[in-house]
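**Q** Dropping the structure in here first, questions after.
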Protein chains: 2
Amino acid sequence: MFNPKAIAIIGATPKEGKAGYSILKNLLKFKGKLYPINPKYSEIFGIKCYKSILDVDDKIDLAIIVVPNVVVPQVLEECGKKGVKYVVIISAGFSEVGNVELENKVRGILKKYNIRAIGPNCFGLINAHINLNATFSKVFPEKGNISLISQSGAVIDAILDILPLLNIGVSKVVSLGNKIDIQESDILEILKDDEETRVIGIYLESLKDKNFLKVAKEVAKKKPIIVLKAGKSEAGKRAAKSHTGALAGENELYEAIFKQCGFIITETFEEFVDALHVFSTQPEMRGNKVGIITNAGGFGVLAADASESYNLELPEFSVKEELKEVLKNANISNPLDIIGDATPERYEKVVKIVMKDKNMDGYLIILTPQEMTKPLEVAEKLVRVEKVKPLVTSFIGGVSVKGAKSFLRKHGIPSYITPENGVKALSNLYKFYKLKMREENEEEIKEILEEFLNIKEENKEEIRELIKKGDEYSIKKLLSLYNFPVPRGYIVESEEEAEEVAKKLGRVVLKALNVYHKTDVGAVIIDPEDVREAYKNLAEKFGNKILIEEYIDERGVELIFGGKRSLYPLFLVGLGGIFTEVLKDVSLAIPPVDRNYIREMLNELKGSKLLKGYRGIEVDLDYLIDLLFKLSIFFYIHDEIREIDLNPILAYKDGAKILDAKIVRGE
Amino acid sequence: MFNPKAIAIIGATPKEGKAGYSILKNLLKFKGKLYPINPKYSEIFGIKCYKSILDVDDKIDLAIIVVPNVVVPQVLEECGKKGVKYVVIISAGFSEVGNVELENKVRGILKKYNIRAIGPNCFGLINAHINLNATFSKVFPEKGNISLISQSGAVIDAILDILPLLNIGVSKVVSLGNKIDIQESDILEILKDDEETRVIGIYLESLKDKNFLKVAKEVAKKKPIIVLKAGKSEAGKRAAKSHTGALAGENELYEAIFKQCGFIITETFEEFVDALHVFSTQPEMRGNKVGIITNAGGFGVLAADASESYNLELPEFSVKEELKEVLKNANISNPLDIIGDATPERYEKVVKIVMKDKNMDGYLIILTPQEMTKPLEVAEKLVRVEKVKPLVTSFIGGVSVKGAKSFLRKHGIPSYITPENGVKALSNLYKFYKLKMREENEEEIKEILEEFLNIKEENKEEIRELIKKGDEYSIKKLLSLYNFPVPRGYIVESEEEAEEVAKKLGRVVLKALNVYHKTDVGAVIIDPEDVREAYKNLAEKFGNKILIEEYIDERGVELIFGGKRSLYPLFLVGLGGIFTEVLKDVSLAIPPVDRNYIREMLNELKGSKLLKGYRGIEVDLDYLIDLLFKLSIFFYIHDEIREIDLNPILAYKDGAKILDAKIVRGE
């Protein structure tokens, strides 16, 4: 797809202003063979033009389709007959404007001939390294190491317009449009081993790609993937809907996916481009310790503030003595203020020294144009210093620093418009390293997975029955098949039985079955003095089948485990009560994940302090993590459970118990 | 100070590279009289040079001092004798490098001669409207409507360098340095009625200005004040300390001040400059409803996402019919995608129509350079449309949109590098309007203030005594002098007395006096069955004086009221327990504020939902607000209380009670 020898442009035209014109123009630089197809012309730009692709007497590797939407099916039939393997359908007018029928028709033809297709309603594709630009971009991109996948053509257009200013180029670029066939994961698979791709940028509005998580996770272990997700807000989702005909999916799901894949998640277009820039030019950053050099104290302070927000550290310089020699009386701290009158030589000397500092993992060099400052000369010096670790700059200003900034960029040193942006870029650089280093314990996942699948297989009939019943008693019974800790409990149908069970259990809780919002409607009686009386009360209101469970008399912390299936199964853990209901303080993930991931999820909770011993309440954290881990595997293997809600789970000093359990069955 | 007729430059020099050279150079454009002072020269740049200011045979309105630090006292003496009213001490080498003694000496001389001084260790001052540039800036700023106050000279330098690119100019600019005399509030007072100043930007590292709050609040009612605060992080504070010799104050105090003043608080240098730009060029934005026009759906989505984050609304267009006529089949929603092939004419027509839309308060016009896009022509059209409401643009890209962006800026339309920045600028524009409209109920403050001052006066002796004692019983007694709701309580000294009091009070709580962390050490017994026994227990451990209070048997919400005096008195309100201790969920303000402000403070709490009826627990919110309001006035008038901690306050269905009370006395 990215390396065709012969390309057909179906819908090529000599009429300026049409996509078929611009694309052919851009393709003229391509070194392979070009076959314009258009029944109206016999040649375009001096190249022979064919009535139909079937008339071409050559093997066609890739067809670019820019005909009106209604003609697309016919053209695809011809591609199929010709044996074309890859097509890019630029043409719009499909599901994005409600024309689902036409899109389905196209899908059928693609299947019939086994054609792989990008689009429709897309911007095309680029492989800059072979001068292949099958898009209608205004700017012809330079060769470089950034690859881009985007749902929006205009976003790519804008990036291609910006990149020359940053002096960086691209490798593969593809706009996926309505994603009728080829999805993000297909492209990621290709980019994974593409030697010309060092960093991947994805602009995304919605996913319908079941393979995404698996593939993206693998690729992100090798190469940084920067993601910009649009459609987070309600208003944004509305806009996304009318834009690409795809419902923007739930935020929480996307966030969980991106986090789990190890993506660099960016919040704004600016951060997205800044991140591409730093990954395109800088080496790996292997720690979070940054040295900041500035000729303006104020901006040093702002950079220090930003460092703290982005979890970077500013340790003391270990090369203090050498720095003192250069800076004489100056106060050697980090940020290091080399003062307003800093000369290019001072910058050079200082940067050379700090480059050898073992304390530091990366550097930010700040410059403001002051009276004595020579920005371009500083830039020239910086370019010449041997750099062994990441180094970014922020030359702040306008007129005076323009030339210096473009000089730096020309030599592969990012220059950000503010120190905060520079710090953010470094923090992203480090984040990738940290995520890459994260190791998943596949063994422990596999072990429990196998164990649980066995249990599931051995108890197939019973499990089906219990899920079908779906009441609290049955779900807890289901859970206990997997040895999950639930309170001992029995269904009783009379006062006598209730009393008998209570004798066996000690202090008890009585609950009506099959009642929603049990606590709110008074269907739960906790630790009654007179069990018969309690039974009678509940039975009168809610029927004679009453669940009696042992009362768990432990001081502990309440948690929630929830799960929901949509594009992927998604589970959440959180602290119960106020934390979930008022603060929405939950962490989400797609199973399976390992125990360590669960630990991190708990750590990310705002209320995580409660789990570490608060006001004398202790929790067995390892036990709790193990429990949540196994619950996530349990949810993972039970496709037939659409939603699950274990709330509360009471975690205490020497264990935990699942006190309430609800599920919603799948179709 | 900003409008001198004659200026002396003490330390002027013809030696390039010295501050005394650059400043004199910049001053050459000044239309008034210039008197260089330097014993070494008889003339500089063809202007007569004097040995001493005392030799000048003219009235000097302003002296700029650029001599070495040790010479400053002598020079100031001469200024004093000469009768100079204003000096700007550029010279460095004072408290910022630990030379506090020299700074104190200077302070003494200023006092002696009643001279007002800016600096030392500063960048100087500018009044662009009379070509007065008494700084060593590289760029000579254009005349404009932005005034700047900065603790850092380099930050001003950088802004002056950027402004020409944005095509905006400045009015008054001043760098305050070590702030030995003139503080932010002095400058704000001047700028308040300065007709050449439309927007004020403040870069701040620390405040030592007692008048700041009062003055700034007044000024911010008339003109937008944009603030960038550096030194928020621990690392930043360290850097700030070594930078200006001033301890960066507590974040929380600053945030409370800025919020209360009605400032536009910006988080990064970029946002700071963006905000200056929008306020410098755009009219008032009187609501939060924004219409977004874009030729790229993807960026429309990103803008919509940003709008939600910044609390802007994107309502439907009310001029749908007219828009439909222009856009034919297009889907008329907001953001309005006028599609990739949008011509300048389409932009023009659409913007003209939406300008008449009564639903909208402001506009963001997005453009990306696509195949057919003509950025410069679009810019030309936009400039010509009659604009009655704020309009900002984001022309996204690099090479293709450069010219269009500078054209827009030349004509007073901001063009931001990303749609997110544009949305943020609009949200700041609206925020100013909202803050300006906020009315403080001075009457209700005055009423309680007077009432409380009377109480204070009438009970002077008793109050002094109670504060001196400072135990819980005394503080509650103090509070009850002001009719604050505290549980009825008595000090008892024997089992018999305890029993007697309990008979009177019903259910009771017993507390030891003068014990810290009472609950933790077991010095509190709540609702005991046997009061004598309870008394005995406590008395044995903590002494025979025990406080017995009525037990408040109400389901409610626990709150905290705290207060602390530093530069200003500062009080906080928050939800008690986990919310304060784990989540640090508190709101802060400087008293006095009105009831409405307290209401907003409560609304801003993450857990505010709890106060609005959660799980059947109701709170009398008006009562609670009144209570907190009066407590803040109480704290305000009691200078002798350095810290106060009322925690918990139990708020319930029909009232509230202050259950525990601690204070720390002032010196």
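The values are calculated or read from the model by the stated rules, or taken from the named source; none is laboratory data. Keep in mind that this is a model prediction, so the values were computed, not measured. Methodologically, a virtual Cβ is constructed for each residue, glycine included, from the backbone with ideal geometry; neighbour enumeration extends over all protein chains shown. With ligands, DNA and RNA removed, areas are computed over all heavy atoms of the protein, side chains included. Shrake-Rupley method; radii C 1.70, N 1.55, O 1.52, S 1.80 Å.
**Q** Being among the β-branched types (Val, Ile, Thr), open to solvent by less than 20 Å² (accessible area, probe 1.4 Å) and closer than 22 Å to A:Glu371 by Cα narrows it down to one of B:Val87, B:Val66, B:Val75, so name that one. Show your work before the answer.
**A** Numbers: B:Val66 fails: open to solvent by less than 20 Å² (accessible area, probe 1.4 Å); B:Val75 fails: closer than 22 Å to A:Glu371 by Cα.
Residue meeting the stated conditions: B:Val87.
**Q** For the stretch B:78-157, please list each of the strands (runs of 3 or more DSSP E) lying entirely inside it that holds at least 2 residues being more than 12 Å from chain A (Cβ to nearest Cβ) and among the small types (Gly, Ala, Ser).
**A** Values: elements: B:86-89, B:116-118, B:124-127, B:132-135, B:143-150.
Fully inside the stretch B:78-157 and qualifying: B:143-150.
**Q** Hey, another quick one. Quick one: would you say B:Gly574 is outside the structural domain of B:Ile257 (by TED's automatic domain parsing), among the small types (Gly, Ala, Ser) and out of contact with any Asp or Glu (no Cβ under 6 Å at 6 or more places or on another chain)?
**A** The answer is no for B:Gly574.
**Q** Restricting the stretch A:615-644 to residues that are touching a helix residue (DSSP H, G or I) at 6+ places or on another chain (Cβ under 8 Å) and in a strand (DSSP E or B), which is nearest to the other protein chains (Cβ to nearest Cβ)?
**A** That would be A:Ile617.
**Q** Name the residue, out of B:Asn647, B:Asn596, that is open to solvent by 60 Å² or more (accessible area, probe 1.4 Å) and out of contact with any Ser or Thr (no Cβ under 6 Å at 6 or more places or on another chain).
**A** So the residue among B:Asn647, B:Asn596 that is open to solvent by 60 Å² or more (accessible area, probe 1.4 Å) and out of contact with any Ser or Thr (no Cβ under 6 Å at 6 or more places or on another chain) is B:Asn596.
**Q** A follow-up question, please. Identify, please: which residue in the stretch B:90-101 is in contact with a helix residue (DSSP H, G or I) (Cβ under 6 Å, 6 or more places away or on another chain) and open to solvent by 20 Å² or more (accessible area, probe 1.4 Å) and is, among those, modelled with the lowest pLDDT?
**A** B:Glu96
**Q** Now a separate question. Go through the stretch B:111-129 and give me each residue that's under 29 Å from A:Asp341 (Cα atoms) and open to solvent by less than 40 Å² (accessible area, probe 1.4 Å).
**A** Residues satisfying the conditions are B:Ala117, B:Ile118, B:Gly119, B:Pro120, B:Cys122, B:Phe123, B:Gly124, B:Leu125, B:Ile126, B:Asn127, B:Ala128.
**Q** Suppose the filter is over 30 Å from A:Ile168 (Cα atoms), among the hydroxyl-bearing types (Ser, Thr, Tyr), assigned by TED's automatic domain parsing to the domain that holds B:Gly300 and buried (at least 18 other Cβ atoms within 10 Å of the Cβ); does B:Tyr416 pass it?
**A** No.
**Q** Between a residue in the stretch A:162-173 that is in contact (Cβ under 8 Å) with a residue 24 or more places away in the chain and under 15 Å from A:Leu191 (Cβ atoms) and any residue that is of a type in the set (Lys, Arg) and assigned to a loop (DSSP other than H, G, I, E, B), which pairs come within a Cβ distance under 9 Å, given they are 6 or more apart or on different chains?
**A** A:Ser171/A:Arg198
**Q** Does the stretch B:469-476 contain at least one residue that is part of a helix (DSSP H, G or I) and farther than 27 Å from B:Leu559 by Cα?
**A** no
**Q** Moving on to the next point. Tell me which residues, restricted to the stretch A:540-560, are assigned to a strand (DSSP E or B) and either of a type in the set (Val, Ile, Thr) or within 19 Å of A:Tyr490 (Cα to Cα) (or both). So that I can check it myself, show each step before the final result.
**A** Narrowing the stretch A:540-560 to residues assigned to a strand (DSSP E or B): A:546-550, A:556-560.
Matches in the stretch A:540-560: A:Ile546, A:Leu547, A:Ile548, A:Glu549, A:Glu550, A:Val557, A:Ile560.
**Q** What number of residues within the stretch A:288-309 satisfy the criterion of being more than 9 Å from chain B (Cβ to nearest Cβ) and open to solvent by 10 Å² or more (accessible area, probe 1.4 Å)?
**A** 2
**Q** Could you list, in sequence order, all residues of the stretch B:258-287 that are within 14 Å of chain A (Cβ to nearest Cβ) and small (Gly, Ala, Ser)?
**A** Let us first name the residues in the stretch B:258-287 that are within 14 Å of chain A (Cβ to nearest Cβ), namely B:265-277.
Across the stretch B:258-287, the qualifying residue is only B:Ala275.
**Q** For the stretch A:386-403, state whether one or more residues are away from chain B (no Cβ under 11 Å), among the small types (Gly, Ala, Ser) and under 28 Å from B:Ser406 (Cα atoms).
**A** Within the stretch A:386-403, one or more residues are away from chain B (no Cβ under 11 Å), among the small types (Gly, Ala, Ser) and under 28 Å from B:Ser406 (Cα atoms).
**Q** Could you tell me whether any residue of the stretch A:595-616 is closer than 20 Å to A:Ala661 by Cβ, within 23 Å of the chain's Cα centre (by Cα), not assigned by TED's automatic domain parsing to the domain that holds A:Pro485 and not polar (S, T, N, Q)?
**A** Yes, the stretch A:595-616 has at least one match.
**Q** Another one. Residue check, A:Pro335 against (1) over 30 Å from B:Lys402 (Cα atoms); (2) buried (at least 16 other Cβ atoms within 10 Å of the Cβ); (3) more than 9 Å from chain B (Cβ to nearest Cβ), all met but one. Which one?
**A** Unmet condition: (3).
**Q** Next up: Scanning the stretch B:357-376 for residues that are closer than 23 Å to B:Lys324 by Cα and charged (D, E, K, R), which turns out surrounded by the most Cβ atoms within 10 Å (Cβ to Cβ)?
**A** Filtering first and then ranking leaves B:Asp361.
**Q** Also, quick follow-up: Among A:Glu313, A:Glu321, A:Glu325, which is the only one that is under 39 Å from the mean Cα position of the chain (by Cα), of a type in the set (Asp, Glu) and on the phi < 0 side of the Ramachandran plot?
**A** Exactly one residue qualifies, and that residue is A:Glu313.
**Q** Find the residue count for the stretch B:167-212, including only residues that are open to solvent by 20 Å² or more (accessible area, probe 1.4 Å) and not in a loop (DSSP other than H, G, I, E, B).
**A** The qualifying residues number 4.
**Q** For A:Pro592, all conditions in the list (1) in contact with a strand residue (DSSP E or B) (Cβ under 8 Å, 6 or more places away or on another chain); (2) part of a loop (DSSP other than H, G, I, E, B); (3) in contact (Cβ under 8 Å) with a residue 60 or more places away in the chain hold save one; what is the number of the exception?
**A** Condition not satisfied by A:Pro592: (1).
**Q** Between a residue in the stretch A:44-58 that is open to solvent by less than 60 Å² (accessible area, probe 1.4 Å) and any residue that is among the basic types (Lys, Arg), which pairs come within a Cβ distance under 6 Å, given they are 6 or more apart or on different chains?
**A** Pairs that qualify, where the first residue is open to solvent by less than 60 Å² (accessible area, probe 1.4 Å) and the partner is among the basic types (Lys, Arg), are A:Ile53/A:Lys82.
**Q** Go through the stretch A:599-643 and give me each residue that's touching a residue at least 24 places away in the same chain (Cβ under 8 Å) and touching a Ser or Thr at 6+ places or on another chain (Cβ under 7 Å).
**A** Passing the criteria: A:Met601, A:Leu602, A:Leu605.
**Q** Can you name every residue in the stretch B:404-429 that is away from chain A (no Cβ under 13 Å), assigned to a helix (DSSP H, G or I) and not small (Gly, Ala, Ser)?
**A** Answer for the stretch B:404-429, where residues must be away from chain A (no Cβ under 13 Å), assigned to a helix (DSSP H, G or I) and not small (Gly, Ala, Ser): B:Phe407, B:Leu408, B:Lys410, B:Leu426, B:Asn428, B:Leu429.
**Q** Quick one: in the stretch A:562-581, which of the residues that are in contact with a Phe, Trp or Tyr (Cβ under 7 Å, 6 or more places away or on another chain) and within 30 Å of B:Leu611 (Cβ to Cβ) is farthest from the other protein chains (Cβ to nearest Cβ)?
**A** Within the stretch A:562-581, the match that is farthest from the other protein chains (Cβ to nearest Cβ) is A:Gly562.
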